[in-house]
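For reference, the structure is listed below as structure tokens.
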Amino acid sequence: MGQACFAQGPTRCQLMPDRPHVIVVVAAIIERDGRFLLTRRLQGTHLAGRWEFPGGKCDPGESHADCLSRELREELDVAVRIGRLVLSTTHAYVERTVELHFYEAAIEDEPRPQLGQEMQWAGRDELPALDFPDADAALIDLLVSS
């Protein structure tokens, strides 16, 4: 069996061989002028074409903050200030389970997609009409009702 990264406590990943299909993901909720920064998943990836809050998978032993900083630098060429944890949720897809942690975040620079992914800023009222992964449903509900 393979190994998976699973959160130990609220902010660090470790290898958990007994949970081979659990993937820990961190994502940034970046709001500017009442709009949220979103990126579209690339073709050839799990859930390709769906919109998401930028972030990515934690490496074993990597803190959530380090992971989010690394992912935003790699994907959008920005530095990030990470704020409070807004929501943690777990969602089981057929092929894997995703443990997702959403953090408030602020970026210093203008984001520039580095991987060819689409990017947009969307208002709260636009979020329900966009195609997000099922794991994001609780966050979308929370943001729309705020």
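Quick look at the numbers
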item	result
Rel. contact order, % - alpha carbon contacts under 8 angstrom, at least six apart, segment 76-146	32 percent
Ordering of 73-84, 26-37 by burial proxy (mean other Cβ atoms within 10 Å per residue, highest first)	26-37, 73-84
Size of charge dipole - the chain - debye, nearest 20, with Cβ of Lys, Arg +1 and Asp, Glu -1, no other charges	220 debye
Calculated Rg and Dmax of the Cα atoms in Å (choose from (i) 16.6, 57; (ii) 17.4, 60; (iii) 14.5, 46), label	(iii)
Cα long-axis angle, helix 64-76 against the chain (0 to 90 degrees, to the nearest 10)	50 degrees
Antiparallel %, DSSP beta bridges [both residues in segment 5-145], to 5	75 percent
Dipole of segment 5-145 [Lys/Arg +1, Asp/Glu -1 at C-beta], most positive-end residue of 34, 51, 63	63
Estimated dipole of segment 50-130 in Debye, rounded to 20 [Cβ of Lys and Arg +1, of Asp and Glu -1, Cα centre]	200 debye
Structure-based [θ]222 nm, the chain - -39500 (n - 2.57) summed over DSSP H runs of at least 4, per residue, nearest 500	-4500 deg cm²/dmol
Around residue 117: net Lys/Arg minus Asp/Glu count, Cβ-Cβ under 10 Å	-1
Over the chain, relative contact order from alpha-carbon pairs under 8 Å, at least 6 apart, %	26 percent
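None of the figures in this text is laboratory data; all of them are computed from the coordinates on show. In this text, all values refer to a predicted model and were calculated from it rather than measured experimentally. Using ideal geometry, Cβ is built from the backbone for each residue, glycine included, and neighbour counts are taken over all protein chains shown.
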